[in-house]
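Encoded as structure tokens, the structure appears first; notes follow it.
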Amino acid sequence: MEIIDHWLSEARRLPSPNHDARPDPADIALIVIHCISLPPDEFGGPWIDRLFTNQLDPAAHPYFAGIAHLRVSAHLLIRRDGETVQYVPFNLRAWHAGVSSYQGRTVCNDFSIGIELEGTDHGPYTEAQYARLNAVLALLYDTYPTLSPERVAGHSDIAPARKTDPGRRFEWSRLRPTV
């Protein structure tokens, strides 16, 4: 696995329209870990892909009516089985963090890479997800010298009044990136 032109070679590419240019393309200084399940507490299916590509049918599930209008994305999604989907190249700004702040800097989308884990903020993550996340983190550290293990945060860390993900069951001690 490698990063070529800001795309992860072993990820399934599904470009999202929900991105734009970073204010400073060289300013990639944070990795934000999120979690998502659609519908809530359900795994699998096409729903996350459809949300991030503006194709979510609001009639497909009652929950979707309240979110189908959102224009959001992440750089990566790591599914329960370790499959990785990339929606936005790393050099561009994905729309994942919302109102946020990290070490005195606001608008974290400007300088971060967003990684979604298929899961919930109250449930455990899989061995396959930790393995893939560690491999991805190692590549990101090698490719972008402004990134390091000290520059990884949860969505709850950058938006504590709004967010709780990746949740109390996420095992931060298991982040040990290896190439």
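The values are calculated or read from the model by the stated rules, or taken from the named source; none is laboratory data. Since we're looking at a predicted model, the values are computed, not measured. Note that each Cβ is placed from the backbone with ideal geometry, even for glycine, and that neighbours are counted across all protein chains shown. Protein only, heavy atoms only, side chains kept; ligands, DNA and RNA dropped before computing areas. Shrake-Rupley method; radii C 1.70, N 1.55, O 1.52, S 1.80 Å.
Applying a 10 Å radius around every beta-carbon, put 143-152, 24-33 in order of their mean neighbour count, most first.
On the way: 143-152: 14.8, 24-33: 18.9.
Put in order of decreasing packing, that is 24-33, 143-152.
Pull out the extension gain between THR143 and ASP5, defined as 0.36 nm times the separation in residues minus the alpha carbon to alpha carbon distance; nm, one decimal. Could you put the intermediate results ahead of the total?
Numbers: separation 138, 0.36 × 138 = 49.68 nm, distance 1.04 nm.
So the extension gain works out to 48.6 nm.
What is the dipole size for the chain, taken about its Cα centre, with +1 at each Lys and Arg Cβ and -1 at each Asp and Glu Cβ, in debye to the nearest 20? The partial results should precede the final answer.
Details: 17 positive and 22 negative charges, 52 e Å.
With only Lys, Arg, Asp and Glu charged at Cβ, the dipole is about 260 debye.
For LEU38, tell me the accessible area in Å² from a 1.4 Å probe, rounded to the nearest 10.
Rounded to the nearest 10, that gives 10 Å².
Which of ALA59, TRP172, ILE48 sits farthest toward the positive end of the charge dipole of the stretch 29-179, with +1 on the Cβ of Lys and Arg and -1 on the Cβ of Asp and Glu?
Result: TRP172, furthest along the dipole toward the positive end.
DSSP beta bridges in the stretch 1-100, what fraction antiparallel, as a percent rounded to 5?
Details: 8 of 10 bridges.
Beta bridges within the stretch 1-100, antiparallel portion: roughly 80 percent.
Among bridges DSSP assigns within the stretch 51-179, what percent are antiparallel (round to 5)?
Details: 5 of 8 bridges.
In the stretch 51-179, approximately 60 percent of DSSP beta bridges are antiparallel ones.
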